[in-house]
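See structure below.
The values are calculated or read from the model by the stated rules, or taken from the named source; none is laboratory data. In this text the structure is predicted, and so the values were computed from the model without any measurement. No Cβ is skipped: glycine too gets one built from the backbone with ideal geometry, and neighbour counts run over all protein chains shown. Just so you know, the surface numbers come from the protein's heavy atoms only, side chains and all, with ligands and any DNA or RNA stripped out. Shrake-Rupley method; radii C 1.70, N 1.55, O 1.52, S 1.80 Å.
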Amino acid sequence: MERITLAQAVKIMLAQVKKIEEKETVSLWEAEGRVLAEDITAGRDQPPFARSPLDGYAVRSADIRGADREHPQKLCVIDEVTAGHVSDKKVEKGTAVRIMTGAPIPEGADCVIKQEDTDYGEEEVLIWRELKAWENYCPAGEDYREGDRLLEEGRTLGFVEVGVLAGLGREKVTVYRRPEASVITTGDELLLPGEPAAPGKIYDSNLYTLVTRLESLGVSVTDKGRVEDEAATVAKRLAAAAKQADILITTGGVSVGKKDIMHEVIQILGCERLFWKIAIKPGMPTLCARYGEKLLLCLSGNPYGAAVNLELLVRPVLARLTGKKELLPQKKPAVTDSGYPKRSPVTRYVRSVYEDGHVRIAKGSNDSGILSNLCGCNCLMEIPAGTEEVREGEMVWVVLL
């Protein structure tokens with residue numbers, strides 16, 4: 001197979017993926033970031049009663065007409081009501097009810113005079129300001145009315161949406177199931193953190209980088225681990241993981257060396273190979289196959305290459321699975337504050353920092369085996385294929401991380 005473009009690779013992958021339709025009910029404490037699977041309609045007015053927006057006195061505007069410091073109006077205080085309680089007294093001519101913020105406004109009152117405009121009287125109160133009807137008065141249904149559709153199916157729930165649900169008295173909500181992934185790293189040279197260092201071995205950063213990133217994107221990683229460079233063992237692990245995961249991700253073993261076993265793995269599994277090699281750097285030798293109804297994506301074993309390809313290839317798949325457009329890679333134009341002198345025969349992605357319409361390349365090497373100088377970066381500078389060099393001050397596109 002010849003190398004394909006990134007756009008072609010994404011199109012091929014998306015053709016294999018359908019939106020998740022399975023639903024589940026979760027508590028509001030678990031709802032943030034989930035995709036709503038039902039329309040939410042108000043079952044009552046919010047607030048369900050007229051309430052006071054401040055501490056003061058509930059009065060009739062007609063009783064305090066013309067009031068000021070020189071001409072105060074005196075009213076008889078007949079009751080006091082605080083938030084969570086209801087006064088059974090009706091405000092009639094010449095009377096007032098002491099009221100606190102959030103308390104229901106008693107019958108008969110059409111405004112609330114704040115306490116700073118009074119003498120704070122307890123049995124009688126002097127009012128030093130006039131108000132019009134409905135001033136300092138929050139009516140029932142001020143936020144929304146019974147029957148209003150507040151949230152639509154397909155919306156991603158953030159903290160505000162969770163607050164709206166809580167305000168409705170909802171304890172639980174129906175959402176779509178999270179996408180599930182399996183992440184397997186291959187390589188006889190790999191050690192897991194905590195294992196003793198040994199000659200010729202390195203610690204596996206890919207597993208932690210990819211799993212952590214997927215979880216931050218709302219993915220449930222149902223199977224994760226390191227597997228030795230043996231095709232049959234990897235195939236067995238993937239076959240088991242495919243029973244639950246929506247997407248299978250591996251790193252390593254995708255080039256043409258003796259230990260690049262993923263080509264043999266897909267043969268053992270009977271996969272349909274969709275593509276091998278994308279015209280991008282890093283991550284050119286990426287291999288993609290279809291295993292039954294599941295997508296198998298085999299990424300480079302190089303840490304930076306694996307991280308970049310998760311952003312460019314996996315995020316569009318997650319957006320399709322969840323319906324969350326915000327998961328798609330986001331691009332912005334930017335002016336370069338630093339040049340890139342190398343020629344780019346294929347589209348290149350360089351670790352960078354974007355700020356206020358400008359982008360600067362991270363210090364150090366852009367080699368695909370280096371991960372540490374991706375720390376602090378918030379974007380990838382995209383350098384089109386055929387670019388001889390990028391000069392300072394040029395306009396480029398960046399992919400936000």
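Structure summary
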read-out	value
Cross-chain or 6+ apart pairs with Cβ under 9 Å, the stretch 134-151 first and farther than 26 Å from residue 114 by Cβ, then surrounded by 13 or more Cβ atoms within 10 Å (Cβ to Cβ) and among the hydroxyl-bearing types (Ser, Thr, Tyr)	146/41; 147/41; 148/41; 149/41; 150/41; 150/144; 151/41
Members of the stretch 136-163 found to be part of a helix (DSSP H, G or I) and out of contact with any Lys or Arg (no Cβ under 7 Å at 6 or more places or on another chain), listed by number	159, 160, 162, 163
Within the stretch 356-373, tally of residues that are open to solvent by less than 40 Å² (accessible area, probe 1.4 Å) and within 14 Å of residue 400 (Cβ to Cβ)	2
Matching residues in the stretch 105-141 - criterion: being within 17 Å of residue 67 (Cβ to Cβ) and of a type in the set (Asp, Glu)	110, 116, 117, 119, 124, 130, 135
Residue selected from the stretch 1-60 under the condition in a helix (DSSP H, G or I) and in contact with a Phe, Trp or Tyr (Cβ under 8 Å, 6 or more places away or on another chain), by the criterion surrounded by the most Cβ atoms within 10 Å (Cβ to Cβ)	9
Qualifying residue in the stretch 329-342 (condition: touching a strand residue (DSSP E or B) at 6+ places or on another chain (Cβ under 6 Å), within 30 Å of residue 272 (Cβ to Cβ) and either open to solvent by less than 50 Å² (accessible area, probe 1.4 Å) or modelled with pLDDT of 95 or more (or both))	yes
Which listed residue is open to solvent by 70 Å² or more (accessible area, probe 1.4 Å) and in a loop (DSSP other than H, G, I, E, B), from 224, 236, 243	243
When residues of the stretch 61-80 are limited to those that are out of contact with any Cys (no Cβ under 9 Å at 6 or more places or on another chain) and either acidic (Asp, Glu) or within 17 Å of residue 139 (Cβ to Cβ) (or both), the one least open to solvent (accessible area, probe 1.4 Å)	63
Of all residues making up the stretch 114-135, the number that are assigned to a strand (DSSP E or B) and under 43 Å from the mean Cα position of the chain (by Cα)	1
Filter pass, residue 289 being in contact (Cβ under 8 Å) with a residue 12 or more places away in the chain, part of a loop (DSSP other than H, G, I, E, B) and open to solvent by less than 10 Å² (accessible area, probe 1.4 Å)	no
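Table: residues versus (1) touching a Lys or Arg at 6+ places or on another chain (Cβ under 7 Å); (2) at pLDDT 95 or above.
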| position | (1), (2) |
| --- | --- |
| 250 | no, yes |
| 271 | yes, yes |
| 278 | yes, yes |
| 283 | no, no |
| 301 | no, no |
| 306 | no, yes |
